[in-house]
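A short worksheet on the structure shown next.
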Amino acid sequence: MKKNAKAFLERNRWLKAVPNSLTLCNSLCGFAAIINTLRACDPSLPLSGASCPSILATSAILILFAMVFDALDGFAARILNAASMHGIQMDSLADMVTFGVAPATLVVIMTRSLPGYDSRFFYIVWALAAVYLGGAALRLATYNVHAMVEKKSSDKFSGLPSPGAAAGICTTVIYYNHLGMEIRYLAVILPIYCALLGILMVSKIQYTHFAKWLLSLKRNKKRLLIVVIILAAACWKLELTAFAAVNFYILLGLFAALGRKTGLLRTPVEPAKEAK
């Protein structure tokens, strides 16, 4: 069967372009998210009937949609035996746009639109978003370096993966739009949270490899039950469930690390690998 598959790929060399095409879709989603986010600065926006939170929520959805392409390009590369250093470099460049520049831009523009925002603090907001952007750049560069050396696969990541950091921002933006009400001090909390995510990306805190965690569901009934509960909750309140699940994942790694540091949590720590 492997010989037949290999022969099929030899006859259809165009399939080798599928992973890179998916990576391009990832970057295009990120670019579209940035352009759409900048629409929120349009002075004629109120006259168009669109609201700033709804536009920013659309940008957040575009970034989340890009994560589908990000997952599929790696899967396609393995299935089609099309993995290459060119593909790895291209993937990281796309991720820098989608999970680095786009979320940072989203935070800056959204903060400006929030009640309680003071224009005197624009440069502070910019600096906090820059911490996130720098964290994403350093993480993706480190991933590229480690990708050049084959390493044993691990169920843990060293530091928060860039898609996870972007998801933290996006689900927050989407949930805020869903609430349709003002949240006090969000103009202060959001930029600080953004900077924290940037620091977590370059930290040594261990995070579960979510894709491998999902693949273990057949062998682990407890994990399967967790997924069923999350899906049921999503059917009830999708925006709240997504916000809670993503931020729980982010904070769990942080609190687990603090627990190990203080001795409150004594669990074996396995070597973790770098992730994008």
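Brief remarks follow.
- Annotation for the stretch 166-194 versus the stretch 81-139: alpha-carbon center distance of 15 Å.
- Other-chain or far-sequence residues with amide H under 5 Å of Ser51's (modelled H): none
- Legend: ranking of residues Cys25, Cys235 from fewest to most surrounding C-beta atoms inside 10 Å; resulting order Cys235, Cys25.
- Sorted fewest first by neighbouring Cβ atoms within 10 angstrom, Phe65, Phe255 come out as Phe255, Phe65.
- For the stretch 188-204, Karplus couplings with θ = phi - 60° (6.51, -1.76, 1.60), whole Hz, Gly/Pro x: 8, 5, 4, x, 5, 4, 4, 5, 4, 4, x, 5, 4, 5, 9, 7, 9
- Long-range HN-HN contacts of Gly159 with modeled amide H, under 5 Å: Ile205, Gln206, Tyr207
- Label sites at Ala245 and Asp42, each approximated as a point 7 angstrom past Cα along Cα to Cβ, lie 3.3 nm apart.
- Vicinal HN-Hα couplings computed from phi for the stretch 250-260 (Karplus, 6.51 cos²θ - 1.76 cosθ + 1.60; Hz; Gly/Pro x): 5, 6, 4, x, 5, 5, 5, 5, 5, x, 5
- For the stretch 58-66, 3J(HN,Hα) per residue [Karplus equation, 6.51 cos²θ - 1.76 cosθ + 1.60, θ = phi - 60°, Hz, x = Gly/Pro]: 4, 4, 4, 5, 4, 5, 5, 5, 4
- Ranked list, fewest to most other Cβ atoms within 10 Å of each Cβ, for Val18, Val131: Val18, Val131
Values quoted throughout were computed directly from the atomic coordinates according to the rules given, and no laboratory measurement underlies them. Because the structure is a prediction, the values reported are computed rather than measured. FYI the Cβ positions are ideal-geometry reconstructions off the backbone, even for glycines, and counts take in every protein chain you see.
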